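To start, the structure under review is shown below, and the notes come after it.
The values are calculated or read from the model by the stated rules, or taken from the named source; none is laboratory data. Please read these numbers as outputs of a predicted model, since none were measured by experiment. Reconstructed Cβ throughout: ideal geometry from the backbone, glycine too, with neighbour counts over all protein chains shown. These accessible areas exclude ligands, DNA and RNA; they are computed on the full protein's heavy atoms, side chains included. Shrake-Rupley method; radii C 1.70, N 1.55, O 1.52, S 1.80 Å.
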Amino acid sequence: MKMDKTYKTRDYGNIFRLIYAMKRCTRQQIAEKLSISLPTVTHNLNLLTQRGLVYNSGAHHATGGRKANLYQCVADSRLALGIDITRRHLSLVLINLELQIVDKKRIRCAFQDSDAYFAHMGRELTEILSKNGVDGGRLLGVGVSMPVIVNSDQKSISYAEVINVGENLYERMAAHIPYPFLLFNDANSAGLAESWVSDSSGDMTYLFLSASVGGAHMTGRQLQYGANQRTGEFGHMCIVPGGRRCYCGQRGCLDAYCSAKILSDFTGGNLGAFFEALKQGDNPGYRRLFDQYMDYLAIAVKNLRMCYDSDIVLGGTVGAYMSDYIDVFRQKVAALNPFERETGYIRVCHYKTEAAAVGSAIYYINEFIGTVENQ
Ligand SMILES: [Zn+2]
């Protein structure tokens with residue numbers, strides 16, 4: 001029987017996924033790893049190449065002197081857009097299949113649940129796509145992350161205190177986003193982005209330290225949602241019984257001690273200015289404040305290590321400044337941990353401001369890679 005030239009099998013998807021995971025590989029490596037014949041590999045590589053998903057990136061010297069061609073994914077063959085909505089900013093990030101940031105924009109713009117705001121968002125979306133020559137054929141979808149708890153339908157919201165949102169938000173946004181789109185919790189999205197960008201495939205706990213505190217827990221790059229989509233609501237763990245009042249109505253929550261506002265309130269809402277002044281070192285008040293901030297944060301990190309026994313990534317707007325202080329911070333956590341002195345499991349985030357937007361776009365990249373044979 002002659003093989004249909006356009007026939008796609010499960011091998012087609014598996015070959016694409018293997019090349020994606022390995023970054024580059026030879027025909028022989030694919031045949032061996034997937035236990036399929038070389039003619040089947042060749043047939044599917046031809047199909048993937050014709051469709052613009054894979055390319056031959058040149059020869060590689062194998063041991064023994066023979067040259068073998070290397071195949072790689074075409075990173076820009078598909079793109080996804082992530083939009084992050086916060087109280088004060090609107091960010092857009094266009095990423096390709098390899099999670100490289102193709103373009104991004106961050107606008108200072110206060111959130112309002114209004115048609116005018118969503119129309120503005122729609123115009124920014126159209127602009128970034130047309131500027132980069134991205135049409136509906138290459139765009140996989142748009143992920144919108146917000147500081148809200150999103151139901152499992154990714155369209156309705158079960159809890160929103162940080163920003164005010166009304167009913168039927170998704171439907172009202174849809175009028176301005178003419179592509180497939182879904183809503184995501186900001187901290188979950190940011191955690192997902194950090195988990196994908198790190199080389200580790202192990203468990204990861206992500207602490208999102210921004211205007212509000214949240215987080216995420218990932219197992220093998222998969223977000224754990226829990227029964228009510230509330231896994232990772234670390235901001236409302238109690239760290240000081242009867243302590244400061246939290247916006248949720250309770251007392252002593254981590255959010256009341258470790259939100260970015262605790263620091264930025266001293267510099268007119270500008271977190272960058274706080275860390276700049278801290279670095280200058282001439283304000284002992286800021287040093288004491290940040291030292292106390294790290295003391296509370298260390299309690300949270302120690303507790304998370306006890307719960308999950310996984311890597312812990314410090315993210316969000318504060319996490320982005322933690323590199324300079326990580327050694328001191330690790331010592332604080334080590335002093336609280338009864339089991340271990342080693343603190344290499346505490347890491348600083350990779351992304352500075354765009355993690356939530358990247359993570360919401362990753363949803364579409366993940367979906368595409370998982371179902372490429374059906375596209
Ligand atoms: Zn709370």
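What does the accessible area of residue 26 come to, in Å² to the nearest 10, when a probe of 1.4 Å is used?
10
With runs of 4+ DSSP H residues as the only contributors, calculate the mean residue ellipticity of the chain at 222 nm using -39,500 (n - 2.57) per run, divided by the residue total and rounded to the nearest 500.
On the way: 13 runs with 143 residues, N = 375.
Result for the chain, helices only: -11500 deg cm²/dmol.
Check cross-link reach from residue 33 to the aspartates and glutamates: straight Cα distance under 18 Å, and skip same-chain residues fewer than eight apart.
11
Assuming 0.36 nm per residue, please report the length gained on full extension of the stretch residue 196 to residue 49 beyond their Cα-Cα distance. Kindly include the intermediate steps, with their values, before the conclusion.
Numbers: separation 147, 0.36 × 147 = 52.92 nm, distance 2.54 nm.
Gain on extension, residue 196 to residue 49, equals 50.4 nm.
What is the set of long-range amide H partners of residue 150 at a cut-off below 5 Å, with H atoms built 1.01 Å from backbone N?
158, 185
Percent relative contact order of the chain, based on C-alpha pairs within less than 8 angstrom and at least six residues apart? Mind dumping the intermediate values first?
Details: 684 pairs, mean separation 62.6, N = 375.
Relative contact order for the chain comes out at 17 percent.
Let me have the relative contact order for segment 78-197, percent, based on Cα pairs under 8 Å that are six or more residues apart. Write down the numbers at each step before the final one.
Numbers: 193 pairs, mean separation 32.1, N = 120.
This gives 27 percent for segment 78-197.
Anything over 23 Å Cα to Cα? Flag those among 23/131; 105/352; 105/131; 155/261; 104/261; 279/352, in the order listed. Provide the component values of the computation, followed by the final result.
Details: 23/131 28 Å; 105/352 13 Å; 105/131 12 Å; 155/261 29 Å; 104/261 25 Å; 279/352 18 Å.
Table pairs above 23 Å Cα-Cα are 23/131; 155/261; 104/261.
When the dipole is taken about the Cα centre of the chain, and only Lys, Arg (+1) and Asp, Glu (-1) are charged at their Cβ, what size is it in debye, to the nearest 20?
On the way: 40 positive and 36 negative charges, 165 e Å.
Roughly 800 debye for the chain.
Any idea what the dipole of segment 85-190 comes to, in debye rounded to 20, about its Cα centre with Lys/Arg Cβ at +1 and Asp/Glu Cβ at -1?
380
Between the helical axis of 355-370 and the dominant principal axis of the chain, each derived from Cα atoms, what acute angle in degrees is found, rounded to the nearest 10?
The angle comes out near 30 degrees.
Between exposed chymotrypsin sites (Phe, Trp or Tyr not before Pro) in the chain, where DSSP calls loop and at most 12 other Cβ atoms lie within 10 Å, what's the longest gap? Let's see the in-between values first.
On the way: sites that count: 7, 339.
It runs 8-338.
Where the centre of each part is set by its Cα atoms, how far does segment 238-274 sit from segment 15-53, in angstrom?
Centre-to-centre (Cα) distance: 51 Å.
Select from 327, 255, 186 the residue whose mean-square fluctuation is largest in a Gaussian network model of the chain (Cα-Cα springs shorter than 10 Å).
Among 327, 255, 186, the largest mean-square fluctuation in the Gaussian network model of the chain belongs to 327.
With the Cα gyration tensor of segment 253-375 giving a ≥ b ≥ c as the square roots of its eigenvalues, does the rule (a/c under 1.5 for rounded; else a/b larger than b/c for prolate; else oblate) give rounded, prolate or oblate? Provide the component values of the computation, followed by the final result.
On the way: a/c = 2.60, a/b = 1.46, b/c = 1.79.
Here segment 253-375 falls in the oblate category.
Please compute the modelled spin-label separation between residue 89 and residue 174, points set 7 Å along Cα→Cβ, answer in nm with one decimal.
Reported label-point gap for residue 174 and residue 89 is 3.1 nm.
Let me check I've understood the local charge: for residue 98, count other residues with C-beta under 10 angstrom from its C-beta, Lys and Arg +1, Asp and Glu -1. What total comes out?
Values: positive: 23; negative: 76.
Charge balance in the 10 Å sphere: 0.
Where does helix 38-50 land angle-wise versus the long Cα axis of the chain, in degrees 0 to 90, nearest 10?
Roughly 70 degrees between the two axes.
Run the 1.4 Å probe and let me know the accessible area of residue 333, rounded to the nearest 10 Å².
0
How big is the accessible area of residue 177 in square angstrom, nearest 10, if you roll a 1.4 angstrom probe over the protein chains?
Counting only protein heavy atoms, the figure is 10 Å².
Which angle from 0 to 90°, rounded to the nearest 10, does the C-alpha axis of helix 186-197 make with the longest principal axis of the chain?
Orientation of helix 186-197: about 50 degrees from the principal axis.
Would you rank 236, 350 by solvent-accessible area, highest first, keeping every protein chain in place and using a 1.4 Å probe? Mind dumping the intermediate values first?
Values: 236 60, 350 110 Å².
Sorted by accessible area, descending: 350, 236.
Between rounded, prolate and oblate, where does the chain land on the alpha carbon gyration tensor, with a ≥ b ≥ c its root eigenvalues, rounded for a/c under 1.5, else prolate if a/b exceeds b/c? Don't skip to the end; give the middle numbers.
Values: a/c = 2.21, a/b = 1.55, b/c = 1.42.
Here the chain falls in the prolate category.
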